[in-house]
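This report refers to the structure that appears directly beneath it.
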Amino acid sequence: MRNLEQTMKDLSPERRKKIEARAAQLIAEELTLQKLRRARKLAHQRVAKTLGIGQDGVSRLEKRVDIMLSTLRKSVEAMGGKLSLVAEFPDRDPVVLAGIGELD
């Protein structure tokens, strides 16, 4: 029985690079808030200042498993990003949901 390492060794360097790039892309798509902040090279202090909360508040936000969409949106925006919410169904293209988690 062959393992992944053996299979990868048998691939061309070009094919290995494509596979590694796709793996990195998939991993990047699945980040926690903490890992996202670190990937953006942002300190707790900077995000806390932008959100108007303490550093401990940022730490608590990053550890939450259940977070309000408006809070998540503010956190992502504090890191310089924009939050999009997408609904995926097996029988149609993904749908971007608008107006959810926005504060007027």
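The values are calculated or read from the model by the stated rules, or taken from the named source; none is laboratory data. Since this is a predicted model, take the numbers as computed values, not measurements. With ideal geometry, Cβ positions are generated from the backbone for all residues, glycine too; neighbour counts draw on all protein chains shown.
Data table
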| item | result |
| --- | --- |
| Filtered residues of segment 1-19 (kept if among the hydrophobic types (A, V, I, L, M, F, W, C) and either exposed (fewer than 11 other Cβ atoms within 10 Å of the Cβ) or in contact (Cβ under 8 Å) with a residue 40 or more places away in the chain (or both)) | Met1, Leu4 |
| Given (1) at pLDDT 90 or above; (2) out of contact with any helix residue (DSSP H, G or I) (no Cβ under 9 Å at 6 or more places or on another chain); (3) charged (D, E, K, R), number of the condition Asp56 does not satisfy | (2) |
| Hey, Leu31 under 12 Å from the mean Cα position of the chain (by Cα), surrounded by 14 or more Cβ atoms within 10 Å (Cβ to Cβ) and hydrophobic (A, V, I, L, M, F, W, C) or not | no |
| Within segment 35-53, tally of residues that are of a type in the set (Gly, Ala, Ser) and surrounded by 13 or more Cβ atoms within 10 Å (Cβ to Cβ) | 1 |
| Unmet requirement for Asp91, which otherwise passes all of (1) surrounded by fewer than 14 Cβ atoms within 10 Å (Cβ to Cβ); (2) in contact with a Gly (Cβ under 7 Å, 6 or more places away or on another chain) | (2) |
| Number of the exception - Ser70 against (1) touching a helix residue (DSSP H, G or I) at 6+ places or on another chain (Cβ under 8 Å); (2) surrounded by 11 or more Cβ atoms within 10 Å (Cβ to Cβ); (3) under 25 Å from Ile100 (Cβ atoms) | (1) |
| Checklist (1) modelled with pLDDT of 90 or more; (2) touching a helix residue (DSSP H, G or I) at 6+ places or on another chain (Cβ under 7 Å); (3) over 27 Å from Leu97 (Cβ atoms) applied to Met8, failing item | (1) |
| Residues of segment 35-64 that turn out to be under 25 Å from Gly99 (Cα atoms), under 14 Å from the mean Cα position of the chain (by Cα) and of a type outside the set (D, E, K, R), as a count | 1 |
